[in-house]
Every structure is written in C-alpha cells, then in structure tokens.
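K.L.:
Sharing a structure below in structure tokens format, with a few things to ask.
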Amino acid sequence: MMRSFLFVPGDSERKLARAAERGADALILDLEDAVDETRKDAARRLVAEYLRSRRDSGPQLWVRINPLGTTHAREDVAAVAPQCPAGIVLPKARSRADVVELAAWLDGQDRAGGIGILPIVTETPAAALDVAGYAAGAPRLCALTWGAEDLGAALQVRATRDAGGAWLPLFQQLRDTTRLAAAAAGVPAIETICSAIGDAAGLAAQIASARQIGFAGMLAIHPGQVAAINAGFTPTAADIAQARRVVAAFAAAGNAGVVRLDGRMLDRPHLAQAQALLRAAD
C-alpha cells in the first residue's frame, strides 16, 4: 500500500507539472474541492491529459472525482476512467452503496477491474453514522479514509482537536471506527490530512498515533508534508528485525500455536502481524 497520497489541484498546470517531483508514493489529482465550479471542464481535460502522459512512470495516479450526488460525477468518471488511473477517490461517500454504484459505472469502462476505489467515509453527519457498513467490503474497494474538516463544518463545531492537538472524542471515535471497518473489510486504512501545514510537531504526532493503531498511510495537502509521512509510515530497521525474530521463533517451534520470546507469550495473531510488516517492508 502507498504511504503518502498528495493532493494536487486538477486545474493547475503549474502544480501538475511538478507534482511527480514531490516524493509522494501516490498523487490524488483533484477535481473536487480544489477546483472552482467554473473550472471543472478545464480540470477534467488537464487531468485526463496528465494521466495519458504519465501512465507508465512515477507515482501512482489517483483522481478525486466530485460526489456521486452531483452532476459532475459521471462526467469526471467518463473523462478519466479511459486513462486507467490507479484509483478513484470518492469524496462525501454516503454509504457503502455509493461504492457499489461507482464500481458499476467503472465496470462499463474498465472491464479489467484495475481501477480501485478509496472512499472518504465521514464527511457528512449521515455518512458518519454508517461507517460500519463498509466492513462488508464492496467491489473495487481498496482502502478507506476519513475526514474531519467537512464534517466539522457540517456540525458547526468550534474545533476538531483539543488544545494539545489530540482529536476531540467525536472525531477520535470516527477515526477508530474507520480503522475497524477497514480491518473488517480486509483493506488498509489511510489517515486523514493534517490541515496545519506549518506544524511539523503536530504532523509528527498525528503520524505516530495513526501508526500506533495500524493506519497504513496518510493524505497530504502540501508537498512539505510528504517526507515526514513517508518516513513515519516506513517500518524501521528495529521493527523489521523484531518481526523477523517473531517469524523465526514460530518456525523454530514447528509453527506451533504459541511461542515464548523475550519473556512474552506470542500467538498466531502476533505471527500474522509480523508477516504483514515484513510484506510492507518489502
């Protein structure tokens, strides 16, 4: 899975031209919030051309379309699906049903099934109440991510974090639920943005807490965030060494159900976790 997903305005030729140099594992070419209503058609043309010109090199290319409830969504898909991006980021996903609907649209243009779907699952109050529904999985679903900014605006909250930078309980609950739903669906969870682009300490803290609960990567809204995200979601040498020790301990025990290592009893879930970390490192 990709560690860093950098948003790039789809109507900015200048930013598109430099996007691949920013070091992100994946680019999200944005047709939604970053593009004014009067520039939607121009953005579609620019993004489609960008996909054509860079299909076989550089970071993975994703496209954030407009929400399915808008008139733009079908035009977005029609413009970009023939260029075979790695995936579609679906904003303001109302429920799992939106993913199923979008997958059906893509089936008509991508019969090979190569285009994945990454929904943002908490951007409206109604959607936030239905996050657990994604646990059942869906066609083309390849990850889940969440968002606090749009939801906070819809709820008219004064803040999404406390004075120390930690998520307020409502938003922490949604973050945790997104992580659980992704695990139940068997797909990675991607952490939401850090909107304070000049706050290096806050970004580092958010990355660390996301890693602790198993998020696989993070969205970035500024190129200056990419290096920290990549470093934070890369397994360290110590992580890799410990995972290898766990795998070796089970192998030495004839793949028993439980082994003892460093005074701790480890069972099969610990082995699965170590194996997953080694796959990620590879």
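Every number here is computed from the coordinates shown, using simple stated rules; none is lab data. None of the values given here were measured: they were computed from a predicted structure. Using ideal geometry, Cβ is built from the backbone for each residue, glycine included, and neighbour counts are taken over all protein chains shown.
K.L.:
Of the listed values (1) 189; (2) 150; (3) 130, identify the label whose number matches volume of the Cα convex hull per residue in Å³ calculated from this model.
P.N.:
Of the labelled values, this structure produces (2).
K.L.:
Dividing the alpha-carbon radius of gyration of segment 1-126 by 2.2 N^0.38 Å (N being the number of residues), what value is obtained?
P.N.:
In units of the 2.2 N^0.38 Å rule of thumb, it is 0.98.
K.L.:
If I stretch the segment between Gln275 and Glu37 completely, what's the gain in nm (0.36 nm per residue apart, minus their alpha carbon distance), one decimal?
P.N.:
That pair, Gln275 and Glu37, stretches by 81.0 nm at full extension.
K.L.:
While we're on this one: Helix 237-252 versus the longest principal axis of the chain: what is the Cα-based angle in degrees, 0 to 90, to the nearest 10?
P.N.:
50 degrees
K.L.:
While we're looking at this one, here's another question. To the nearest 20 Debye, how big is the dipole of segment 94-247 about its Cα centre, given +1 on the beta carbon of each Lys and Arg and -1 on that of each Asp and Glu?
P.N.:
The dipole of segment 94-247 has a size of about 440 debye.
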